[in-house]
Amino acid sequence: MKDWRWGWRLLAAVLILVALAYAVPLGLKALGVALITDDPLHPAGAILVLAGESREGDRVRHAVQLFKRGLAPLLVLSGTPMGFRTHEAVVMRRHAEFLGVPSTRILTVRQNGDSTKEEAGVVVPILKRRGLKEVILVTSNYHTARAKRIFERAAGPYGPHFLASPVNDGLFEPDGWWMRRRYAKTFVYEAIKTVWSAIEVE
């Protein structure tokens, strides 16, 4: 009788471990996916590229591709100071022009925000003054969900409305992020920022 019970307990333990082996990765992947918003795109008033560009210029390249698809007539480039007499927004503008965007179709926004919320506080009023109703928001994939919430909140009920278009800049993949140090580090940082933005006092 004892051997019989022991056998069933062993089988139950094995089944639990097997279930966890499948469930835990699925749950972790779901957490990674939750950071990303990828909206269906349609023509909008502008394409906004947020500050924090990669060394390779992934965000600008992605935005230029959208621009060349005819999804918006204006490229808005938001950046912060990079160092001695160097500004991210200027570097982004030069990159976009190099890729073929006419200078008359580019608006650079030099801002000094320390957070996405502060960036939205500067950029959204500029978009409103231009009467834009819809804006395609370009940023790193892991940043899209939080950035869209923050910009929508800053815009208020009268807009503009934002369509998130994620960029894979090599810092995060939702599938298996917990098995690579770079991805795990990005997830932890973004998760903390997401929680903070949710509880931050206006």
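Under 5 Å between amide H atoms, partner at least 5 residues away or on a different chain: which partners does VAL109 have, H built in plane at 1.01 Å?
Here the answer is LEU77, SER78, GLY79, since their amide H atoms fall under 5 Å of that of VAL109.
Do the sum for the chain: with -39,500 (n - 2.57) for every DSSP H run of n ≥ 4, divided by all residues, what is the mean residue ellipticity at 222 nm, to the nearest 500 deg cm²/dmol?
-16500 deg cm²/dmol
Build a GNM of the chain with springs between Cα atoms under 10 Å: which of ARG105, ARG130, ARG61 gets the top mean-square fluctuation?
Highest fluctuation of the listed residues: ARG130.
To the nearest 10 degrees, how steep is helix 88-98 against the longest Cα principal axis of the chain, on a 0 to 90 scale?
80
Would you list HIS62, HIS87 from fewest to most Cβ contacts within 10 Å?
Listing HIS62, HIS87 from fewest to most nearby Cβ atoms yields HIS87, HIS62.
Output the 0 to 90 degree angle, nearest 10, between the alpha-carbon long axis of helix 181-199 and the longest principal axis computed from the alpha carbons of the chain.
Relative to the chain, helix 181-199 is tipped by roughly 70 degrees.
Suppose we take every Cα in the chain and form the convex hull; what volume per residue is that in Å³?
160
Sum up the lysine pairs in the chain that clear both bars: alpha-carbon distance under 18 Å and a spacing of 8 or more or different chains.
8
With only Lys, Arg, Asp and Glu charged, each at its Cβ (+1 for the first two, -1 for the last two), find how big the charge dipole of the chain is about the Cα centre; round to the nearest 20 debye.
Dipole of the chain, to the nearest 20 debye: 100 debye.
Taking neighbour counts of Cβ atoms within 10 Å as a proxy for exposure, in what order, fewest first, do ASP114, ASP58, ASP169 appear?
The most exposed by this proxy come first: ASP114, ASP58, ASP169.
What is the chain's relative contact order, in percent, from Cα pairs under 8 angstrom and six or more apart in sequence?
Normalised by residue count, the contact order of the chain is 24 percent.
Each value in this text was obtained by applying a stated rule to the coordinates, not by laboratory testing. As the structure is a prediction and not an experimental result, all values here were calculated from the model. Backbone-built Cβ (ideal geometry, glycine too); neighbour counts: all protein chains shown.
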